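Engineer: Structure below; questions to follow.
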């Protein structure tokens, strides 16, 4: 049985027999930019005018023989508040240069203003990152302004999703990233406040969660209509750090409902937690997600693979476990080969596994090590 990347991933997500374990690391823009020598402008990171990341991502995957889970076509709707609309006047002021900028977003509505500040910087030649230091929703009154005047969720631009699906062909699946309600709330409200909200004003917390969940369901429909084969939900802010009781009481139901809505749209779901999960991964059995990534081991996570294999239901596909932060950067190809072989020998009896890193490749990851990972996956991943 010889399968295309698309067939191999589809069958894996349906829990059907395959010829080998799919090899599909989580890829971000920087890896593609590095391979093709592109240094993006800060303000054109996701969709540069003279470089097509959607097409180049496929070329990158072909270089290593990956099965493609194409996340670059995400709608990146975390920044939806910057889109102007009726009664939603957006002003963006920036200070700095192409290395680092401080960005102030001021939104004027008929009943008041909202303000957010963030620092955007080039952390490497090919990667741009941002960190919010003043969040948009500082009070219940701010949320009421957002809820009343924010542009409709239907206005989301999904053109990158369509381009990614067109580029993928039979090599894999278009897998745009969205977020769970808790993640989205943390994009507009400080995490400290968000974690206290259920205890200080539970009604307020649940009003926010319901509102953003409704938007996320609409946006998921837009993603599927634009060509998404799979949807990846970011759940990485609700890690073990929030605790199992908090997760079960204040996060779990909203994640479950979003996943159920995506399933009704006909798309499988990958649940993305690339950090600590040891204390809450048993609750993932109740999410009804198709895949959980990324089983991050110490020191950058706390997931013990043996415990995960024992705890997580066997009909859930698992993805990840290869550390790309230090191991893939510093190890020798023979060490990478050995690590992949040991991992696959452990997971193959269980089945339902996708070989992947625990998140995206860092700039400067030796291609010899990426080759070693892919080659070992093909050799030791065969069923």
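The values are calculated or read from the model by the stated rules, or taken from the named source; none is laboratory data. None of these values were measured; they are calculated from a predicted model. Every residue, glycine as well, gets a Cβ built from its backbone with ideal geometry; the counts of neighbours run over all protein chains shown.
Engineer: Taking segment 310-324 only, how many residues are surrounded by fewer than 17 Cβ atoms within 10 Å (Cβ to Cβ) and in a loop (DSSP other than H, G, I, E, B)?
Structural biologist: So the first thing to find is which residues in segment 310-324 are surrounded by fewer than 17 Cβ atoms within 10 Å (Cβ to Cβ), and the list is 310-311, 313-315.
From what is left, the residues that are in a loop (DSSP other than H, G, I, E, B) are 313-315.
Residues flagged as surrounded by fewer than 17 Cβ atoms within 10 Å (Cβ to Cβ) and in a loop (DSSP other than H, G, I, E, B) within segment 310-324 amount to 3.
Engineer: Please go through segment 153-194 and give me each residue that is in contact with a helix residue (DSSP H, G or I) (Cβ under 6 Å, 6 or more places away or on another chain), assigned to a loop (DSSP other than H, G, I, E, B) and under 12 Å from residue 58 (Cα atoms), ordered by number.
Structural biologist: 170, 171
Engineer: What are the residues in segment 12-32 that are part of a helix (DSSP H, G or I) and either closer than 18 Å to residue 165 by Cα or touching a strand residue (DSSP E or B) at 6+ places or on another chain (Cβ under 8 Å) (or both), if any? Break it down into steps so the answer makes sense when it comes.
Structural biologist: Of segment 12-32, the ones part of a helix (DSSP H, G or I) are 12-13, 29-32.
Passing the criteria: 12, 13, 29, 30, 32.
Engineer: Confirm whether residue 285 is closer than 28 Å to residue 203 by Cα, surrounded by fewer than 22 Cβ atoms within 10 Å (Cβ to Cβ) and in contact (Cβ under 8 Å) with a residue 24 or more places away in the chain. I'd like the intermediate steps shown before the answer.
Structural biologist: On the way: closer than 28 Å to residue 203 by Cα: yes; surrounded by fewer than 22 Cβ atoms within 10 Å (Cβ to Cβ): yes; in contact (Cβ under 8 Å) with a residue 24 or more places away in the chain: yes.
Criteria met by residue 285.
Engineer: Within segment 93-117, can you find the residues that are within 17 Å of residue 146 (Cα to Cα) and surrounded by fewer than 12 Cβ atoms within 10 Å (Cβ to Cβ)?
Structural biologist: 110, 111
Engineer: Just give me the residues in segment 129-152 being surrounded by 14 or more Cβ atoms within 10 Å (Cβ to Cβ) and part of a loop (DSSP other than H, G, I, E, B), in sequence order.
Structural biologist: Matches in segment 129-152: 135, 136, 137, 138, 150, 151.
Engineer: Which condition number in (1) part of a strand (DSSP E or B); (2) surrounded by 15 or more Cβ atoms within 10 Å (Cβ to Cβ); (3) touching a helix residue (DSSP H, G or I) at 6+ places or on another chain (Cβ under 9 Å) is the one that residue 197 fails?
Structural biologist: (1)
Engineer: While we're looking at this one, here's another question. Counting only residues that are exposed (fewer than 14 other Cβ atoms within 10 Å of the Cβ) and either free of Cβ contacts under 8 Å to residues at least 12 places away in the same chain or out of contact with any helix residue (DSSP H, G or I) (no Cβ under 6 Å at 6 or more places or on another chain) (or both), how many does segment 351-377 have? Spell out how you get there, then give the answer.
Structural biologist: Step one: list which residues in segment 351-377 are exposed (fewer than 14 other Cβ atoms within 10 Å of the Cβ), which gives 364, 367-368.
So of that shortlist, the ones also either free of Cβ contacts under 8 Å to residues at least 12 places away in the same chain or out of contact with any helix residue (DSSP H, G or I) (no Cβ under 6 Å at 6 or more places or on another chain) (or both) come out as 364, 367.
So the answer is 2.
Engineer: Among the residues that make up segment 266-282, is at least one of them farther than 23 Å from residue 359 by Cβ and over 17 Å from the mean Cα position of the chain (by Cα)? Give the steps one after another, and end with the answer.
Structural biologist: Taking segment 266-282 as the starting set, the residues that turn out to be farther than 23 Å from residue 359 by Cβ are 266.
With over 17 Å from the mean Cα position of the chain (by Cα) added as a condition, the list becomes 266.
Checking segment 266-282: at least one residue is farther than 23 Å from residue 359 by Cβ and over 17 Å from the mean Cα position of the chain (by Cα).
Engineer: Does segment 296-308 contain at least one residue that is at pLDDT 95 or above, under 22 Å from residue 18 (Cα atoms) and surrounded by 17 or more Cβ atoms within 10 Å (Cβ to Cβ)?
Structural biologist: For segment 296-308, residues at pLDDT 95 or above, under 22 Å from residue 18 (Cα atoms) and surrounded by 17 or more Cβ atoms within 10 Å (Cβ to Cβ): absent.
Engineer: Please determine whether any residue of segment 337-346 is in a loop (DSSP other than H, G, I, E, B), more than 17 Å from residue 301 (Cβ to Cβ) and out of contact with any strand residue (DSSP E or B) (no Cβ under 8 Å at 6 or more places or on another chain).
Structural biologist: So the first thing to find is which residues in segment 337-346 are in a loop (DSSP other than H, G, I, E, B), and the list is none.
No - not one qualifying residue is present in segment 337-346.
Engineer: What are the residues in segment 339-350 that are farther than 17 Å from residue 24 by Cα and touching a residue at least 24 places away in the same chain (Cβ under 8 Å), if any? If you could, list the steps in order and put the result at the bottom.
Structural biologist: Step one: of segment 339-350, the residues farther than 17 Å from residue 24 by Cα are 342, 345-346, 349-350.
Passing the criteria: 345, 346, 350.
Engineer: Pairs under 9 Å by beta carbon, first residue at positive phi in segment 244-272, partner in a helix (DSSP H, G or I) and modelled with pLDDT of 95 or more, six or more apart or different chains?
Structural biologist: Within 9 Å, the pairs are 266/224.
Engineer: Of all the residues that make up segment 62-96, how many are within 28 Å of the chain's Cα centre (by Cα) and either outside any strand (DSSP E or B) or at pLDDT below 90 (or both)?
Structural biologist: 21
Engineer: Kindly evaluate residue 40 against the criterion of being surrounded by 16 or more Cβ atoms within 10 Å (Cβ to Cβ), part of a loop (DSSP other than H, G, I, E, B) and at pLDDT below 95.
Structural biologist: On the way: surrounded by 16 or more Cβ atoms within 10 Å (Cβ to Cβ): yes; part of a loop (DSSP other than H, G, I, E, B): yes; at pLDDT below 95: yes.
Yes: the conditions hold for residue 40.
Engineer: Filter segment 215-254 down to the residues that are within 25 Å of residue 302 (Cβ to Cβ) and either under 14 Å from the mean Cα position of the chain (by Cα) or not in a helix (DSSP H, G or I) (or both) and list them by number.
Structural biologist: Within segment 215-254, the subset within 25 Å of residue 302 (Cβ to Cβ) is 232-254.
Scanning segment 215-254 gives 232, 233, 234, 235, 236, 237, 238, 239, 243, 251.
Engineer: Taking the stated definitions as given, is residue 118 within 20 Å of residue 84 (Cβ to Cβ), within 23 Å of the chain's Cα centre (by Cα) and assigned to a helix (DSSP H, G or I)? Break it down into steps so the answer makes sense when it comes.
Structural biologist: Values: within 20 Å of residue 84 (Cβ to Cβ): yes; within 23 Å of the chain's Cα centre (by Cα): yes; assigned to a helix (DSSP H, G or I): no.
In short, no.
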